[in-house]
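One structure follows; several queries about it will come next.
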Amino acid sequence: MNPLAKRYLLAPGPTPVPPEALLAMAQPIIHHRSPQFKPILAKVEEDLKYVFQTKNDVLILASTGTGGMEGAVTNTLSPGDKAIVVRGGKFGERWAEICGAYGVESINIDIEWGRCVKPEQIAKTLEEHPEAKAVFIQAHETSTGVKFPLKEIGEIVKDKENTILVVDAISALGAMEIKTDEWHLDVVVAGSQKALMLPPGLAFVSLSEKAWRFVEKSSLPKYYFNFTKERKALAKNQTAFTAAVSLIIGLRETLKRIKEIGLENIIAYHQRLSKAVKTAIKAMGLRVFTKENPSEILTAVEAPEGIDAQEITKIMREEYGITIAGGQAQLKGKIFRISHMGYVDEHEMIMVIAALERTLIKLGYKLTPGVGVKAAQEVLLS
Ligand SMILES: Cc1ncc(COP(=O)(O)O)c(C=O)c1O
């Protein structure tokens, strides 16, 4: 690779961080219990509520997203409880693994990777298992690029006094429509390194009043991820343990950007980038892997016959300086994923398609240079 070439991050997390957040995080550290820090936390909390579309508290944890997922399980359930888990990819499997680790029996709804769960499947499973205390699902399954119908599922779960809906929105919140309160999403988990445009290291969790009633009764073991303690601390503009001060100071900047642009505009922008990339992929004779409900967060692409997707991501990274993601678990070598999430722009989409054209031609795929770029340009010009 040319040593002067720039590097680009177009993987579905971590994502690029805007300069104002990088600069803010480079400031000298302040104490997390100081009077300087409290108003920062208060502002971040206010803006998180806007992004979550909730009136409820949003807990701020120093961990990656999985810590928020684990906390969501250990703070709402008790040993021997049963829970319904939608397993449509690697992160759905993670819900079931966390449940298993804590002795919660998961009733799995297995969905073919790349396809979407139907709300009726949730309704039917709930009818068969009225004792299930929770339904665990993703907003967007990052391993397959499918978004799940949360609004419809929220309608099904909302009247079940005995069951909460727990959503992993780690790769969705801040880029996709998620109306936490309006859609009756009882627990929503997010992470810093995706559409919130920060480095990894923060998890966020909102809980509805119904979910807090589950927290009161929950008896699974917990220590660090103790939502009751975090909520008490938050009431004093504090976190229970040492706050990830620099990340939270960076978050103040990225949330400010999101608020200024407006969530609706940000979502529309992601949809526009997604359409450009997906149209280009099809124009290049490639297949989008996601069969149902493709998200605006990323485009998952099947590697052409005879080409290993890992070769594609390697050439993209090593020769053109562009990091995209490969497939995970059973999709390793079969697909690659181009992210259009967070701090990325239209010209980066043209660039990634141009580099992909060159990569594929190098690997022997028959393609007229420029067909993908032209298709993407046409979408962006429309
Ligand atoms: C949907 C989803 N859930 C969970 C995770 C795990 O988050 P983390 O790696 O921050 O623990 C990810 C990360 O890629 C994700 O995309």
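Mind running the shape call on the stretch 19-260? Use the C-alpha gyration tensor, a ≥ b ≥ c as the square roots of the eigenvalues: rounded below 1.5 for a/c, prolate if a/b tops b/c, oblate otherwise.
In terms of gyration-tensor shape, prolate.
Among Ala175, Thr64, Gly250, flag the residue with its Cα farthest along the positive direction of the charge dipole of the chain, charges on Cβ as +1 for Lys/Arg and -1 for Asp/Glu.
Positive-most Cα among the choices belongs to Gly250.
For the stretch 161-254, rounded, prolate or oblate, judged on the Cα gyration tensor with a ≥ b ≥ c (square roots of eigenvalues), a/c < 1.5 rounded, else prolate if a/b > b/c?
Because a/c hits 1.5 or more and a/b fails to exceed b/c, the stretch 161-254 counts as oblate.
Continuing with this model, one more query. About its Cα centre, what dipole magnitude does the chain give when the only charges are +1 on Lys and Arg Cβ and -1 on Asp and Glu Cβ, stated in debye to the nearest 20?
So the dipole magnitude of the chain works out to roughly 720 debye.
R0 = 22 Å: FRET efficiency of Tyr102 with Glu127, Cβ-based, nearest 0.05?
Approximately 0.30, to the nearest 0.05.
Hey, another quick one. Quick one: dipole size for the stretch 42-194, taken about the Cα centre, charges +1 on Lys/Arg Cβ and -1 on Asp/Glu Cβ, in debye to the nearest 20.
340 debye
How large is ³J(HN,Hα), in whole Hz, for each residue of the stretch 142-155 in order, when computed from phi with the Karplus curve 6.51 cos²θ - 1.76 cosθ + 1.60 and θ = phi - 60°, using x for Gly and Pro?
Here the 3J(HN,Hα) series is 5, 6, 10, x, 8, 9, 9, x, 5, 4, 5, 5, x, 4 Hz.
Separate question: Arrange the peptides 183-194, 143-154 so that the one whose residues have, on average, the most other Cβ atoms within 10 Å appears first.
183-194, 143-154
How many angstrom separate the Cα center of the stretch 252-324 from the Cα center of the stretch 1-22?
15 Å
I would also like to ask the following. Of the listed peptides 271-279, 101-109, what is their order by residue-averaged count of other C-beta atoms within 10 Å, with the highest listed first?
So the peptides 271-279, 101-109, ranked by packing, come out 271-279, 101-109.
So, one more: For the stretch 97-162, rounded, prolate or oblate, judged on the Cα gyration tensor with a ≥ b ≥ c (square roots of eigenvalues), a/c < 1.5 rounded, else prolate if a/b > b/c?
Judged from the Cα gyration tensor, the stretch 97-162 comes out oblate (a/c at least 1.5, b/c at or above a/b).
Moving to a separate point now. Given labels modelled 7 Å from the Cα in the Cβ direction, how far is it in nm from Leu363 to Lys232?
5.4 nm
Follow-up question, since we're still on this one. Mind checking the alpha-carbon convex hull of the stretch 254-325 and giving the volume per residue in Å³?
So the per-residue Cα hull volume is 115 Å³.
Percent relative contact order of the chain, based on C-alpha pairs within less than 8 angstrom and at least six residues apart?
23 percent
If you put +1 on each Lys and Arg Cβ and -1 on each Asp and Glu Cβ, how big is the dipole of the stretch 295-382 around its Cα centre, in Debye rounded to 20?
Roughly 260 debye for the stretch 295-382.
Listed highest first by mean packing, meaning other Cβ atoms within 10 Å per residue, what order do 114-124, 349-359 come in?
349-359, 114-124
Towards the positive end of the charge dipole of the chain, with charges on Cβ (+1 Lys, Arg; -1 Asp, Glu), say which of Ile40, Ile29, Val205 has the farthest Cα.
My answer, from the dipole projection, is Ile29.
Give me the net charge for the shell around Thr64: Cβ to Cβ below 11 angstrom, other residues only, Lys and Arg +1, Asp and Glu -1.
Combined, the nearby Lys, Arg, Asp and Glu give 0.
Each reported figure results from applying straightforward, stated rules to the coordinates on display, with no laboratory input. Predicted model only: the values in this text are computed from it and were never measured. Ideal geometry is used to build each Cβ from the backbone, glycine not excepted, and the neighbour counts take in all protein chains shown.
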